[in-house]
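So the structure is just underneath, and the comments pick up after that.
The values are calculated or read from the model by the stated rules, or taken from the named source; none is laboratory data. Quick caveat, the model's predicted, so the values are computed rather than measured. Neighbour counts run over all protein chains shown; Cβ positions are idealised from the backbone, glycine included. Areas reflect the complete protein model, heavy atoms only, side chains present, ligands, DNA and RNA absent. Shrake-Rupley method; radii C 1.70, N 1.55, O 1.52, S 1.80 Å.
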Amino acid sequence: HDYLTGLPNRQSAIFHLSSLLENKSSVSLIALDVDDFKGINDSIGHAFGDAVLIEIGERLDRMMKKMDIFASRFGGDEFLLITSVVSPEETSLYVNRVRQELGRPFLYNDQVHLISTSMGVASSVNGEYSAAELLANADLAMYACKHSGKNKYAYFDSTMKNNMLKKNEIIGILQRSCKEDGFEILYQPQVDIFTGKVAGFEALLRLKDHSYEPGQFIPVAEGTELIQLIGRIVTQKVVRQIAKWQDSGIVPLPVSINFSSRQMADTGYVSYLQGLLRKYHVAPQMIEIEITESILLENNDKAMNLFADFRKIGVGLTLDDFGTGYSSISYLTYIPVEKIKIDKTLTDTYLQEGKDDFIGILIDLAHCLDMKITVEGIEEQNQLSRLQKYGCDYVQGYYFCRPVPEDVAVKQIVYSIK
Ligand code: C2E
Ligand code: MG
Ligand code: MG
């Protein structure tokens, strides 16, 4: 038994589960995890954390006496419930009963507290899974809840397992690529809409030897600390590339680098960038950092300080993906960006007959705030002429050029300065 709650412990839960499965009994597991338990401990204290676990233990123990449930404390703030109920209707009834029980207020030091939990459910009919497999499935379902906002429950399905395997494969590829120079940068021209000349490039990351695209591997990197290392690798490659262009007598053009919100944790990034610019004799105006508004959601004060640091070293700031998130106009009034990039999803929806005034108004709005505007994802001539009509500043899209390797990109620079 577990010393704190008095419930059966992990060992006895596994023993119980294994014997049920060996007898080919049908079993459902409910992996239950308290949401933000670390926060509960940190904010109200460990004594309260312990009291919560004890109270959960008591409530589960009472349920165990009334229902077909074997409840155990699996470790930390995780509980494992085992039942022979496997039909979806009955299991959801059970899960909802547990949620109801644990949703009741917790009284501690005369104060009322509420907690929430995430639960993953996995079933095995006639011994189809081993104990280890079934536990892993319930855990995956529980983590799926955590990732989709907590305070809910989910049933295991095989796509969860495939996603996890894919994610692990991508993490392995990214780790190797960091060590073995497995990344390359493509450069997509950003065209000045009036002169038609290339005004700069966006640096877009690719894996040299794998077909995973940034849309797949960047979110995985963002879920780990790898994004910080990758962010630095991209930055170094870009600064070195600009230096190479300079050394070969080409007047370089500014390059935008995407900066993920999760890179805020890399507190040394700004000085790293500044160090590179000095080492390679590249002017800070040659770099634009593309941020997204999600950076403001993480920690507004910290983000504003970071923007000030970027400004101090002289690099440009651009707001990327406008139109995909909250697209807050209030943010636009106080974040120190010089440029806004309208996302392709907005372009696709609105840059057409009868709807394009909206894009025109966004362009006016940016100009009123003294900002330039880049429209992304331009694939057709008619989109370009609409933007010309509205006085847009820059466009980026397959209509002009896809992201290309540096030796192809350089021809665009030469062309643009002729
Ligand atoms: P983003 O920063 O919004 O980059 C623009 C994306 O739109 C690029 O996709 C680009 O290839 C694509 N694109 C540009 N014009 C067109 C067009 O006309 N049609 C279509 N269909 N697509 C167009 P990509 O390279 O796949 O990158 C996707 C996203 O991955 C980027 O979106 C960015 O958020 C992220 N990403 C790429 N490289 C990096 C990086 O080095 N660091 C970080 N943190 N994120 C990166
Ligand atoms: Mg971008
Ligand atoms: Mg974008």
Is there any pair with a first residue in the range 258-279 that is within 16 Å of ligand 3 (Cβ to nearest atom) and a second that is open to solvent by less than 10 Å² (accessible area, probe 1.4 Å) and among the acidic types (Asp, Glu) whose Cβ atoms are under 9 Å apart and which are 6 or more apart or on different chains, and what are they?
ASN258/GLU202; ASN258/GLU290; PHE259/GLU290
Filter pass, GLU406 being surrounded by 14 or more Cβ atoms within 10 Å (Cβ to Cβ) and either away from ligand 3 (no atom under 16 Å from the Cβ) or charged (D, E, K, R) (or both)
yes
Which condition number does GLY200 fail, the rest of (1) within 24 Å of GLU180 (Cα to Cα); (2) touching a Leu at 6+ places or on another chain (Cβ under 6 Å); (3) within 16 Å of ligand 3 (Cβ to nearest atom) being met?
(1)
Identify the single condition in (1) away from ligand 3 (no atom under 16 Å from the Cβ); (2) open to solvent by 50 Å² or more (accessible area, probe 1.4 Å); (3) at pLDDT below 95 that ASP309 does not satisfy, given that it satisfies every other one.
(3)
Within the range 196-251, work out how many residues are in contact (Cβ under 8 Å) with a residue 24 or more places away in the chain, under 22 Å from GLU376 (Cβ atoms) and assigned to a loop (DSSP other than H, G, I, E, B).
2
Note on ILE340: of the conditions (1) within 16 Å of ligand 2 (Cβ to nearest atom); (2) open to solvent by 10 Å² or more (accessible area, probe 1.4 Å); (3) within 19 Å of MET304 (Cβ to Cβ), unmet is (2)
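Residues checked against (1) surrounded by 14 or more Cβ atoms within 10 Å (Cβ to Cβ); (2) in contact with a Pro (Cβ under 6 Å, 6 or more places away or on another chain); (3) assigned to a strand (DSSP E or B); (4) at pLDDT below 95:
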position	(1), (2), (3), (4)
ASN305	no, no, no, no
THR318	yes, no, yes, no
VAL375	yes, no, yes, no
CYS392	yes, no, no, no
GLN412	yes, yes, no, yes
I need the full set of residues from the range 252-285 which are among the hydroxyl-bearing types (Ser, Thr, Tyr), open to solvent by 30 Å² or more (accessible area, probe 1.4 Å) and in a helix (DSSP H, G or I), in order please.
SER271, TYR272
Counting only residues that are part of a helix (DSSP H, G or I) and of a type in the set (Ser, Thr, Tyr), which one in the range 320-357 is nearest to ASP393 (Cα to Cα)?
THR347
Please determine whether any residue of the range 358-368 is out of contact with any Ser or Thr (no Cβ under 6 Å at 6 or more places or on another chain) and within 16 Å of ligand 2 (Cβ to nearest atom).
no
In the range 195-224, the residues that are over 19 Å from GLU290 (Cβ atoms), touching a Ser or Thr at 6+ places or on another chain (Cβ under 8 Å) and open to solvent by less than 50 Å² (accessible area, probe 1.4 Å):
LEU207
Kindly list, by first and then second residue, each pair from a residue in the range 178-195 that is among the small types (Gly, Ala, Ser) to a residue that is more than 16 Å from ligand 3 (Cβ to nearest atom) and not in a strand (DSSP E or B), limited to pairs with Cβ atoms under 8 Å and residues at least 6 apart or on different chains.
GLY182/ILE173; GLY182/ARG176; GLY182/LYS208; GLY182/ASP209; GLY182/HIS210
Just checking, does the range 235-245 include any residue being away from ligand 2 (no atom under 15 Å from the Cβ) and farther than 22 Å from VAL270 by Cβ?
yes
Go through the range 7-26 and give me each residue that's assigned to a helix (DSSP H, G or I) and open to solvent by less than 30 Å² (accessible area, probe 1.4 Å).
ALA13, LEU17, LEU21
Testing LYS411 on (1) within 21 Å of THR347 (Cβ to Cβ); (2) more than 16 Å from ligand 3 (Cβ to nearest atom); (3) out of contact with any Asp or Glu (no Cβ under 8 Å at 6 or more places or on another chain), one condition comes back false. Which one is that?
(1)
Inspect all residues belonging to the range 152-168 and state whether any of them is more than 30 Å from LEU81 (Cβ to Cβ), open to solvent by 20 Å² or more (accessible area, probe 1.4 Å), free of Cβ contacts under 8 Å to residues at least 40 places away in the same chain and out of contact with any Cys (no Cβ under 8 Å at 6 or more places or on another chain).
no
When every residue in the range 169-194 that is of a type in the set (A, V, I, L, M, F, W, C) and part of a helix (DSSP H, G or I) is compared, the one surrounded by the most Cβ atoms within 10 Å (Cβ to Cβ) is LEU174
